[in-house]
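Peer 1: Please find one structure pasted underneath; my questions will follow.
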Amino acid sequence: MLQRLLLFADAVVPEAEKLEKGGLSVGWIIAIIVLVVLVGGFIGLSILGKKLQKKQEESEKMMHQGAQLVSIFVIEKGRKKITEAGFPQIVVDQTPKYLRRSKVPVVKAKVGPKIASLMCDEKAFNVIPEKKEVKVLLNGIYIVEAKSARGGLEAPPVKKGLRQKLRDKLDKMRKEEKVQDKKDSGKLRKKVDAAAATDNKSTAQTNNGNKKNKKK
């Protein structure tokens, strides 16, 4: 894709020189070139995204075709690095090095008499409950789909919109400010009380000294 953009730029530069000779300012020429490159990059990324989505759909179909309905007892679930999840070494070796540090959904479960670490589909991971028996579609060590569970599957998390996320951040900031204000006011009260106690002590000492002087 980068090569295509470079070739595109090589084709645009001569045209830009012609426009400059025709009286168009350099700023406008640069703006037009940048805009054209951005549009070309956006189109290229959209095409690449469609290809990746198509590949993902095909791989999901293949995973479903080879999957079997299995009953497992879920011990725990979490997101772990591939190198720390307890997968067979062959899985780690076949994973590209740049992906080994990324965290993936992992379910630790009892499958038959054995306890195994299973990689999990994101949608299935969100609804699988812990400490329960769950029926899943399993392909090798990959949970393709969660079918049912004793007591029911968990409700998938609701995706928050941008507005809701901003509200949550503001609420969090306000709570933190209130906590900080309470801490600051508490510290200020302690200082005031300490200063008042010191003044009272010094006043009492002065009064005692005056009384002694009067007696003399």
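The values are calculated or read from the model by the stated rules, or taken from the named source; none is laboratory data. Note that the structure is predicted; figures quoted are calculated from it, not measured. Cβ atoms come from the backbone with ideal geometry, glycine included; neighbour counts cover every protein chain shown.
Peer 1: Return yes when residue 32 is β-branched (Val, Ile, Thr), in a helix (DSSP H, G or I), more than 25 Å from residue 147 (Cβ to Cβ) and touching a residue at least 12 places away in the same chain (Cβ under 8 Å) and no when it is not.
Peer 2: yes
Peer 1: Please find, within region 76-106, the residue that is nearest to residue 143 (Cα to Cα) out of those that are among the charged types (D, E, K, R) and free of Cβ contacts under 8 Å to residues at least 12 places away in the same chain.
Peer 2: 84
Peer 1: Scan region 144-168 residue by residue and report those that are within 18 Å of residue 104 (Cβ to Cβ) and touching a residue at least 60 places away in the same chain (Cβ under 8 Å).
Peer 2: Those that are within 18 Å of residue 104 (Cβ to Cβ) and touching a residue at least 60 places away in the same chain (Cβ under 8 Å): 144, 145.
Peer 1: Can you name every residue in region 130-140 that is surrounded by 18 or more Cβ atoms within 10 Å (Cβ to Cβ) and either over 18 Å from residue 59 (Cβ atoms) or of a type in the set (Val, Ile, Thr) (or both)?
Peer 2: Result: 134, 136.
Peer 1: Take the residues of region 150-174 that are under 28 Å from residue 74 (Cα atoms) and not basic (Lys, Arg): which is surrounded by the most Cβ atoms within 10 Å (Cβ to Cβ)?
Peer 2: Taking the candidates together, the pick is 153.
Peer 1: I'd like to check something: does region 201-209 contain any residue that is out of contact with any Phe, Trp or Tyr (no Cβ under 7 Å at 6 or more places or on another chain), modelled with pLDDT under 70 and under 30 Å from residue 124 (Cα atoms)?
Peer 2: No, there is no match, as no residue in region 201-209 is out of contact with any Phe, Trp or Tyr (no Cβ under 7 Å at 6 or more places or on another chain), modelled with pLDDT under 70 and under 30 Å from residue 124 (Cα atoms).
Peer 1: Okay, next question. I want to confirm something. Restricting to region 122-140 and keeping residues that are assigned to a loop (DSSP other than H, G, I, E, B) and at pLDDT 90 or above, which single residue is farthest from residue 64 (Cα to Cα)?
Peer 2: 131
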